[in-house]
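What follows draws every value from the coordinates through simple rules; no lab data is involved. Everything numeric here is computed off the predicted structure, so don't read it as measured data. No Cβ is skipped: glycine too gets one built from the backbone with ideal geometry, and neighbour counts run over all protein chains shown.
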Amino acid sequence: MDLAQFLVQALNGVQYGLLLFLVASGLTLIFGIMGIINLAHGAFYMIGAYLAYWLVGLTDNLFLAILLGIPIAVAVGLVIERLLIARLYDRDHLDQVLLTYGLILILNETQKILWGSDFHGVPVPEMLAGSVPLTENQAYPVYRLFISAVCLGVAAGMWLVIARTRLGMMIRAGASNREMTSALGINIGRVFAIVFALGVALAAFSGMIGAPVSSVYPGMGDRVLIISFVVVVIGGIGSVKGAFIGALLIGLADTFGRVLVPDFASMVIYALMALVLLWRPQGLFGRAP
Amino acid sequence: MSQTALLEAAGLHTYYGASHVLRGVDLTIRPGESVGLLGRNGMGKTTTIRSILGLTPPRRGKVTLDGRPVTGAPPHTIARRGVALVPEGRGIFPNLTVRENLTMGARPAPPDSPAEDWALDRVLTLFPPLGERLDTWGNLLSGGQQQMLSMGRALMTNPRLLILDEATEGLAPQVRNEIWSVVRAIKDAGIATLIVDKDLKTMLRVCDHCVILAKGQVVYAGPASALAADPEIHVRFLGI
């Protein structure tokens, strides 16, 4: 592997990792703050991708599709939170797993009814369709760089909200002590609904912006869900910083694994997870139990 | 005196699962009044507090604030009606700075309230050590400073009733005295208090009224002065 190839793979790995971060950060927030294991989180990624496919078909513009699609995804998420998830806050994890697994089945089936079982592609927006030359015969697609840049922007925005705003304070307080937070007059149910909606928005956005590079197909959320859980476990449950580092590690490990050890590619990320857990059972940034 | 009670709890029965902890507790707190809640460990003091705040809703009985029922309301609604808690163990958010701990629940006093607003400056005047550590994480403070932070945080919600559960527990004698003098200052500012503490002597001096719980029932309720004058009750219900 020469330097240019290495650079291409590194950029791919970072881009994939950043896209994963958007899904995993929602998963880790929902689990860390609300105590909910949301197996349906990957389905919101899929919903995002299908919304992008559908709305790009209608509007012929990915950016417009994203602008229209996020409110739709958040509305679906909020209805699900109010009707179903809100009933799970005081239940144990088995009930949560059963309900959210059922949600995967329902959402996947709904997807098939609405859009069928075919694979679809979403075209890269024209203005971002070019490539950046790396060497004389290696080029890198602009759209992938665009994905990375946007994801970094979203990550920075999330950090600002969590570290610097009153909502962020309430989210952190709720994560550390739910009872005390509500005894101070804060409606924790509303904070939970906001966190859930935020998580859904991030997952759907990830599916939308990733659609032009990943194609759109049934069950696409399931693989993302599993890998996002790996990211959350590596980073430490509840830690957004951990999800960020974990997602980059997984993105790079998966991408280089496919190139360097193609026969074992599917095992690389799990081996990485096992190593991290042997070293730090609570994950990289998790609080010690 | 026919003034409306600020808080009235009547016939509270509260359970933890199958265990029947409160068996008909009555408690009245008038505006600005300081009530001491006494009793040995496990007699239901903290459970009474949790029932009032809606953290463990009573299964029977009712709680009213200014004569309006709040039984069964979620804790944030009850808190917003003017009740603030300084819990046992202080309940500091370790992942928030001192400033964030203080401001996260802050609410201005209602516009019709005659009381002066507890804004950040006023709270820091009451607790000077916190002013020097505003950007420190909450869990890095000493025990006494954490207690001040917990009390300051409660004051920032501009409560009419402040509930103090074991506020002096685990603190050095000198720090305890500081906390007690703040409790007096809070009382002088017109805020009603419900106090649970192991220091009976100081409680009898600070509180207007005392209630003793035994096995989830009220076994004594009366003026603190009367209780101070009756050592026989101390022996019977408090084991002192």
(message) Need the list of lysines near B:Lys215 for cross-linking: C-alpha distance under 21 angstrom, and skip anything on the same chain fewer than eight residues off.
(response) B:Lys45, B:Lys62, B:Lys198
(message) Going by average Cβ density within 10 Å per residue, which order do the peptides A:95-101, A:225-231 take, highest to lowest?
(response) A:225-231, A:95-101
(message) For a Förster distance of 45 Å, can you work out the FRET efficiency between the beta-carbons of A:Arg280 and A:Asn61, rounded to the nearest 0.05?
(response) 0.50
(message) For peptide B:102-110, what's the mean number of Cβ atoms from other chains within 10 Å of each residue's Cβ?
(response) 3
(message) Once you compute Rg and the Kirkwood Rh from C-alpha atoms, what is the Rg to Rh ratio for segment B:7-238?
(response) 0.95
(message) So for chain A, averaging the separation of alpha carbon pairs under 8 Å that are six or more residues apart and normalising by length, what relative contact order in percent results?
(response) 37 percent
(message) So for each of B:225-235, B:5-15 I average, over its residues, the number of other beta carbons within 10 Å; can you give me the resulting order with the highest mean first?
(response) B:5-15, B:225-235
(message) Over segment A:57-173, what portion of Cα pair distances is larger than 25 Å, expressed as a whole percent?
(response) 52 percent
(request) Could you work out, residue by residue across A:172-181, how many beta carbons of other chains sit within 10 Å of that residue's beta carbon, and then give the average as an integer? (result) 6
(request) Report the FRET efficiency, 1/(1 + (r/R0)^6), for B:Ala226 and B:Thr136, where r is their Cβ-Cβ distance and R0 is 60 Å, rounded to 0.05. (result) 0.85
(request) Compute the projected area of the convex hull of the Cα atoms of segment A:1-132, averaged over all viewing directions, and report it in nm² to one decimal place. (result) 10.6 nm²
(request) Consider a paramagnetic label point 7 Å from the Cα of B:Thr4 along Cα→Cβ; state which residues of segment B:58-73 have an amide N under 14 Å from it. (result) B:64-70
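Hey, could you get me the Stokes-Einstein D for segment B:9-70, Kirkwood radius over alpha-carbon pairs, 25 °C and 0.890 mPa s, rounded to whole µm² s⁻¹?
After rounding, the answer is 204 µm²/s.
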(message) Starting from 0.36 nm per residue, how many nanometres of slack lie between A:Arg87 and A:Asp118 once their C-alpha separation is accounted for?
(response) 7.7 nm
(message) Straight-line reach only, C-alpha to C-alpha below 17 angstrom: list the aspartates and glutamates that A:Lys112 could link to, leaving out same-chain residues fewer than 8 apart.
(response) A:Asp222
(message) So for each of A:170-177, A:20-27 I average, over its residues, the number of other beta carbons within 10 Å; can you give me the resulting order with the highest mean first?
(response) A:20-27, A:170-177
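Could you work out the per residue convex hull volume over the alpha carbons of the protein assembly as shown, in cubic angstrom? Can you show the working numbers first?
Numbers: hull volume 99.1 nm³, N = 529.
Enclosed volume per residue, from the Cα hull, is 187 Å³.
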(request) Give the calculated FRET efficiency between A:Leu145 and B:Thr125 to the nearest 0.05, with a Förster radius of 51 Å applied to their Cβ-Cβ distance. (result) 0.40
(message) Averaged across B:49-55, how many Cβ atoms of other chains sit within 10 Å of each residue's Cβ atom?
(response) 2
